[in-house]
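J.: Please see the structure below; I have some questions.
The values are calculated or read from the model by the stated rules, or taken from the named source; none is laboratory data. Bear in mind the structure is a predicted one, so any value in this text is a computation, not a measurement. Note that we place each Cβ from the backbone using ideal geometry, even for glycine, and neighbour counts take in every protein chain shown. Accessible surface is based on the protein model in full, side chains and every heavy atom, while ligands, DNA and RNA are left aside. Shrake-Rupley method; radii C 1.70, N 1.55, O 1.52, S 1.80 Å.
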Amino acid sequence: MLFARNYKTLRRKMVRNQVEARGIHNPKVLAVMRKVERHLFVKPQYLNVAYQDGALPIDCDQTISQPYIVALMTDLLELTPTSRVLEIGTGCGYQAAVLAELVGDVYSVEIIPGLVESAKARLEALNYRNIHLKLEDGYYGWEEHAPYDAVLVAAAPTDVPECLIQQLKPGGRLVIPVGGSEQNLLLIRKGLQTDEDSIHSLETTEIIPVRFVPMTGGLN
Ligand code: SAH
């Protein structure tokens, strides 16, 4: 167990060496990565490696994502203080906390009951009032609060779920890992214009190869 000031130093180093060094310069994203205390989201036995450059195991065979990947996905969403964001795969709630620092409301869906309960308790203890959690198969999104300015998916389906595209606002952005043993992080932007069939255009950009836990439920 380290002192709070030591964790703060480790966070600054994490941001410099893992995030800025890999080309992320958005000051808001860097500030939030320095602020959110990742060590409060990991299991006690991983406290001393909470700011290292990788994913870590959490309960139920799931993981907390690598800090760089959290920063990258957050950056790609081009969030504003009024954005409404949907996250699929709450896990421990770290990414949700990072998003909640930057936007109006975060809606996060998790399929494993125990993880929803522990994330809820943790995020409440940290006083995040703009994070809304739901136990559900996130393959189908969270229709009730749609449309979203941005959707972030933290588990990999084999194909992009149609519901997530539907629940995106025109001009909105979806960041999603897609694939099986080999996955790619995709950025999908929904066009502002509709054509005669009122189908929105989609602009897809491959960002980098990634390795996320598989999305369960849905058609997988
Ligand atoms: N966002 C997390 C990463 C979570 S790991 C972080 O902050 O580090 C991915 C999570 O997606 C796991 O908790 C897993 O249970 C969940 N998941 C997998 N398939 C899902 C589905 N269909 N719907 C919702 N959550 C799902």
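J.: Rounded to the nearest angstrom and ordered from largest down, what semi-axes does the equivalent ellipsoid of the stretch 1-133 get from its C-alpha gyration tensor (root of 5λ)? Kindly include the intermediate steps, with their values, before the conclusion.
T.: Values: eigenvalues 85, 74, 34 Å².
Working through the eigenvalues yields semi-axes of 21, 19, 13 Å.
J.: Let me ask something else about it. For the chain, give the share of DSSP beta bridges that are antiparallel, in percent and rounded to the nearest 5; count only bridges with both residues there.
T.: Values: 17 of 36 bridges.
Restricted to the chain, the bridges split so that about 45 percent are antiparallel.
J.: Ignoring ligands, DNA and RNA, what percent of the 1.4 Å accessible area of the chain is carbon and sulfur? Before the final figure, lay out each step's value.
T.: Details: 5440 of 10930 Å².
Here carbon and sulfur together make up 50 percent of the probe-accessible area.
J.: Tell me, what ³J(HN,Hα) does each residue in the stretch 89-94 have, in order and in whole Hz, if you take phi through Karplus 6.51 cos²θ - 1.76 cosθ + 1.60 with θ = phi - 60° and put x for Gly and Pro?
T.: Computed from phi, the couplings for the stretch 89-94 are x, 4, x, 7, x, 5 Hz.
J.: Points 7 angstrom from Cα along the Cβ direction at Lys35 and Arg211: gap in nanometres?
T.: 3.2 nm
J.: Okay, moving on. What lysines could a cross-link reach from Lys28, if we take a straight Cα to Cα line under 21 Å and drop same-chain neighbours fewer than 8 places away?
T.: Excluding near neighbours in sequence, the set is Lys8, Lys13.
J.: If you roll a 1.4 Å probe over the heavy atoms of the protein chains, what accessible area per residue do you get for the chain, in Å²?
T.: The answer is 50 Å² per residue.
J.: Can I ask one more? Expected output is a single nm value to one decimal: the length gained when fully extending between Glu143 and Ser181, i.e. 0.36 nm times separation in residues minus the C-alpha distance. What is it? Don't skip to the end; give the middle numbers.
T.: Numbers: separation 38, 0.36 × 38 = 13.68 nm, distance 2.95 nm.
Stretched fully, the Glu143-Ser181 segment lengthens by 10.7 nm.
J.: Could you work out the Kirkwood radius for the stretch 58-210, taking every pair of different alpha carbons, averaging 1/r and inverting it, reported in Å? Present the calculation step by step, with values, prior to reporting the outcome.
T.: Values: mean 1/r = 0.0644 Å⁻¹.
The Cα-based Kirkwood calculation yields 15.5 Å.
J.: Here's another thing I want to ask about it. Hey, how many Å between the Cα centroid of the stretch 41-61 and the Cα centroid of the stretch 100-132?
T.: If we compute the Cα centre of each part, the gap is 18 Å.
J.: Near Lys120, which aspartates and glutamates are there with a Cα under 18 Å away, not counting those fewer than 8 places off in the same chain?
T.: Glu37, Asp59, Glu87, Glu101, Asp105, Glu110, Glu136, Asp137
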